[in-house]
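The values are calculated or read from the model by the stated rules, or taken from the named source; none is laboratory data. This is a predicted model, so every value here is computed, not measured. No Cβ is skipped: glycine too gets one built from the backbone with ideal geometry, and neighbour counts run over all protein chains shown.
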Amino acid sequence: MGKKLTFEEVRSLFFYSKNYFLFFLGWAISLFGSSLTRIALPILILERTGSGFAMGMTFALETIPSALLGPLLGALSDRYNRKIMIITSDVLRALILIAVLLTGNLYIIFTLIFLMGILKALYVPVRSAIIPELVSKENFPKIVVLQGTTQRIINIAGPSLAAAIIGFTNPTFALQLDIITYLAAALLSYFVYIPIHKISKENGIVADMKEGFVYLFNHSMIRKLNFFWVILNFGFGGLTVLLLLYLEEINMDNATYGLLMTVLTIGMLLGTMAASKVKDNQKEKIIDLLPLTFGVCYSFLLFDVGTLVLFIIVLILGLNFGLYNVMASIIFGLNIPNEIRGRVYANATAFTTLAFSSSTILAGAMKAYFTVSTIFFVIGIVVAVCSLVVMILHHKKSPQHEVKKAMN
């Protein structure tokens, strides 16, 4: 991981692993389609209903299943054939989008969006559990960097392209494109050889869920990383809301918010790419310091910073978040046993989703009582203090050789 990921390495990864290339291509196509839907679906709802509340519900209904049903779906992902589940998930999401386009009933649409959320909550841990089985341990860190870089690029380009498509056509056409991407991803996954993992159904589903939680909290390094992930997502969720509220408070237009979100994503992209340059003897310190520095930078927004400084801070926060995500993902993928990987990923995702969602709600509610700059400071201090506490508690319990073993 201390080596930069070059074009030749990317090409060799694909050349020597046609299996992974097909899987990667299907995921990238599906992700691109989802980035179109993320913009087009709320606009379609707004056009049909004229309700801002209804538009906001589309975001909530898609994320709620991950928080509420994630542990259950993760346990299921370890009990059945993962290839079948990932193909089924893509095909069903395509059919759901077709149903959304065919119906005009708002309640049916909300139900369909909730079902989409359930399928997404199933797809993410299944996909995460499959990847380490398709590549060698030596190549896995490079794969994480490659996927993270691809995801950031799509997150930058997708919404922009969606806006252009909707501008020249309509939201329906963007959703139709996403239907095609889901079906294309399912077709590509069909040709991927995915090793069948050891499946045990001796225990009940509740016992499987419990096993995922137990591993997540009993493994010192994994537990620390998950706590840090929850803390970072708590800060990140509030950031997306507070930036918009801050711009309104200082009378800046919404175009600036779009630029800030782009800069945030670019920062995450740079952080993802920087992960490949981290030296082995620096990994432990950097992982420990990233959440702490995230909170400190966050709290700087208490002060009346100029536009340029605001953009720089947002860029640093994005870089920090992207770098941590890659480094933590590598450790998760290399150290969690394959037979329980799905449920551990799902449990971790449930906690981070709850942290992200609660932060967005809290940030909006606090606006009625405090200035935005004060809320920035409070959340930033909470993130910094919680990170420091986790660091201190786990420093005593995690010997340095255990951390190095987990990362290498």
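I need the full set of residues from the stretch 274-287 which are surrounded by 21 or more Cβ atoms within 10 Å (Cβ to Cβ) and out of contact with any Leu (no Cβ under 7 Å at 6 or more places or on another chain), in order please.
Listed by number, the residues that qualify are 283, 287.
Suppose the filter is in the same structural domain as residue 68 (by TED's automatic domain parsing) and among the acidic types (Asp, Glu); does residue 178 pass it? Steps first, answer last, please.
On the way: in the same structural domain as residue 68 (by TED's automatic domain parsing): yes; among the acidic types (Asp, Glu): yes.
When the stated conditions are applied, residue 178 passes them.
Listed residues 322, 333, 342; which is of a type outside the set (Asp, Glu) and under 24 Å from residue 260 (Cα atoms)?
Values: 333 fails: under 24 Å from residue 260 (Cα atoms); 342 fails: under 24 Å from residue 260 (Cα atoms).
Of the residues listed, the single one that is of a type outside the set (Asp, Glu) and under 24 Å from residue 260 (Cα atoms) is 322.
Would you mind stating whether residue 301 is part of a helix (DSSP H, G or I), surrounded by 23 or more Cβ atoms within 10 Å (Cβ to Cβ) and either within 16 Å of the chain's Cα centre (by Cα) or touching a residue at least 40 places away in the same chain (Cβ under 8 Å) (or both)? Let's see the steps before the verdict.
On the way: part of a helix (DSSP H, G or I): yes; surrounded by 23 or more Cβ atoms within 10 Å (Cβ to Cβ): yes; either within 16 Å of the chain's Cα centre (by Cα) or touching a residue at least 40 places away in the same chain (Cβ under 8 Å) (or both): yes.
When the stated conditions are applied, residue 301 passes them.
Can you pull out every residue in the stretch 157-174 that is under 29 Å from residue 322 (Cβ atoms) and buried (at least 16 other Cβ atoms within 10 Å of the Cβ)?
158, 159, 161, 162, 163, 165, 166, 174, listed by residue number.
Could you please let me know if residue 279 is free of Cβ contacts under 8 Å to residues at least 40 places away in the same chain, of a type in the set (Lys, Arg) and farther than 25 Å from residue 362 by Cα?
Details: free of Cβ contacts under 8 Å to residues at least 40 places away in the same chain: no; of a type in the set (Lys, Arg): yes; farther than 25 Å from residue 362 by Cα: yes.
The answer is no for residue 279.
Limited to the stretch 360-377, what total is found for residues that are in contact (Cβ under 8 Å) with a residue 60 or more places away in the chain, assigned to a helix (DSSP H, G or I) and of a type outside the set (Phe, Trp, Tyr)? Break it down stepwise before answering.
So the first thing to find is which residues in the stretch 360-377 are in contact (Cβ under 8 Å) with a residue 60 or more places away in the chain, and the list is 360, 362-364, 367, 371-377.
Those still in the list that are assigned to a helix (DSSP H, G or I) too: 360, 362-364, 372-377.
Next, only the ones that are of a type outside the set (Phe, Trp, Tyr) stay: 360, 362-364, 372-375.
The number of residues fulfilling the criteria is 8.
Which of the following residues is within 21 Å of residue 335 (Cα to Cα), assigned by TED's automatic domain parsing to the domain that holds residue 336 and modelled with pLDDT of 85 or more: 390, 383? Full working, then the answer.
Values: 383 fails: within 21 Å of residue 335 (Cα to Cα).
That would be 390, the only listed residue that is within 21 Å of residue 335 (Cα to Cα), assigned by TED's automatic domain parsing to the domain that holds residue 336 and modelled with pLDDT of 85 or more.
Have a look at 272, 240, 265, 293 and point out the one that is assigned to a helix (DSSP H, G or I), among the hydroxyl-bearing types (Ser, Thr, Tyr) and over 12 Å from residue 317 (Cα atoms).
Working: 240 fails: over 12 Å from residue 317 (Cα atoms); 265 fails: over 12 Å from residue 317 (Cα atoms); 293 fails: over 12 Å from residue 317 (Cα atoms).
Criteria check complete, one pass: 272.
Output the residues belonging to the stretch 123-177 that are among the small types (Gly, Ala, Ser) and either on the phi > 0 side of the Ramachandran plot or part of a helix (DSSP H, G or I) (or both).
Initially, the stretch 123-177 is screened for residues among the small types (Gly, Ala, Ser), giving 128-129, 136, 148, 157-158, 160, 162-164, 167, 174.
If the condition is that a residue be among the small types (Gly, Ala, Ser) and either on the phi > 0 side of the Ramachandran plot or part of a helix (DSSP H, G or I) (or both), then 128, 129, 148, 157, 158, 160, 162, 163, 164, 167, 174 are the ones that fit.
What do you reckon, is residue 108 out of contact with any helix residue (DSSP H, G or I) (no Cβ under 6 Å at 6 or more places or on another chain), more than 23 Å from residue 68 (Cβ to Cβ), at pLDDT 80 or above and part of a helix (DSSP H, G or I)?
Numbers: out of contact with any helix residue (DSSP H, G or I) (no Cβ under 6 Å at 6 or more places or on another chain): yes; more than 23 Å from residue 68 (Cβ to Cβ): no; at pLDDT 80 or above: yes; part of a helix (DSSP H, G or I): yes.
So residue 108 fails the test.
Of all residues in the stretch 91-140, which are among the aromatic types (Phe, Trp, Tyr) and either within 19 Å of the chain's Cα centre (by Cα) or farther than 18 Å from residue 58 by Cα (or both)?
First, the residues of the stretch 91-140 that are among the aromatic types (Phe, Trp, Tyr): 107, 110, 114, 123, 140.
Passing the criteria: 114, 123, 140.
Residues that are in contact with a Lys or Arg (Cβ under 6 Å, 6 or more places away or on another chain), surrounded by fewer than 23 Cβ atoms within 10 Å (Cβ to Cβ), in the same structural domain as residue 268 (by TED's automatic domain parsing) and assigned to a helix (DSSP H, G or I): does the stretch 344-359 have at least one?
As a first pass, look at the stretch 344-359 and keep what is in contact with a Lys or Arg (Cβ under 6 Å, 6 or more places away or on another chain): none.
No; the residues of the stretch 344-359 include none that is in contact with a Lys or Arg (Cβ under 6 Å, 6 or more places away or on another chain), surrounded by fewer than 23 Cβ atoms within 10 Å (Cβ to Cβ), in the same structural domain as residue 268 (by TED's automatic domain parsing) and assigned to a helix (DSSP H, G or I).
Is the stretch 182-191 home to any residue that is surrounded by fewer than 19 Cβ atoms within 10 Å (Cβ to Cβ), of a type outside the set (S, T, N, Q) and in a loop (DSSP other than H, G, I, E, B)? Outline the logic, then answer.
Residues of the stretch 182-191 that are surrounded by fewer than 19 Cβ atoms within 10 Å (Cβ to Cβ), as a first pass: 183-184, 187, 190-191.
Keeping just the survivors that are of a type outside the set (S, T, N, Q) gives 183-184, 187, 190-191.
Narrowing further to those that are in a loop (DSSP other than H, G, I, E, B): 191.
Yes, some residue in the stretch 182-191 is surrounded by fewer than 19 Cβ atoms within 10 Å (Cβ to Cβ), of a type outside the set (S, T, N, Q) and in a loop (DSSP other than H, G, I, E, B).
Could you list, ordered by first residue, the pairs with Cβ atoms under 6 Å in which the first is in the stretch 170-185 and over 14 Å from residue 95 (Cα atoms) and the second is of a type in the set (Val, Ile, Thr) and part of a helix (DSSP H, G or I), at least 6 apart or interchain?
Going by the 6 Å Cβ cut-off, the qualifying pairs are 171/43; 174/165; 174/166.
Find all pairs meeting these conditions: Cβ atoms under 9 angstrom apart; at least six residues apart or on different chains; first residue within the stretch 69-81 and not assigned by TED's automatic domain parsing to the domain that holds residue 338; second residue at pLDDT 75 or above and not in a helix (DSSP H, G or I).
If the second residue must be at pLDDT 75 or above and not in a helix (DSSP H, G or I), the pairs left are 81/194.
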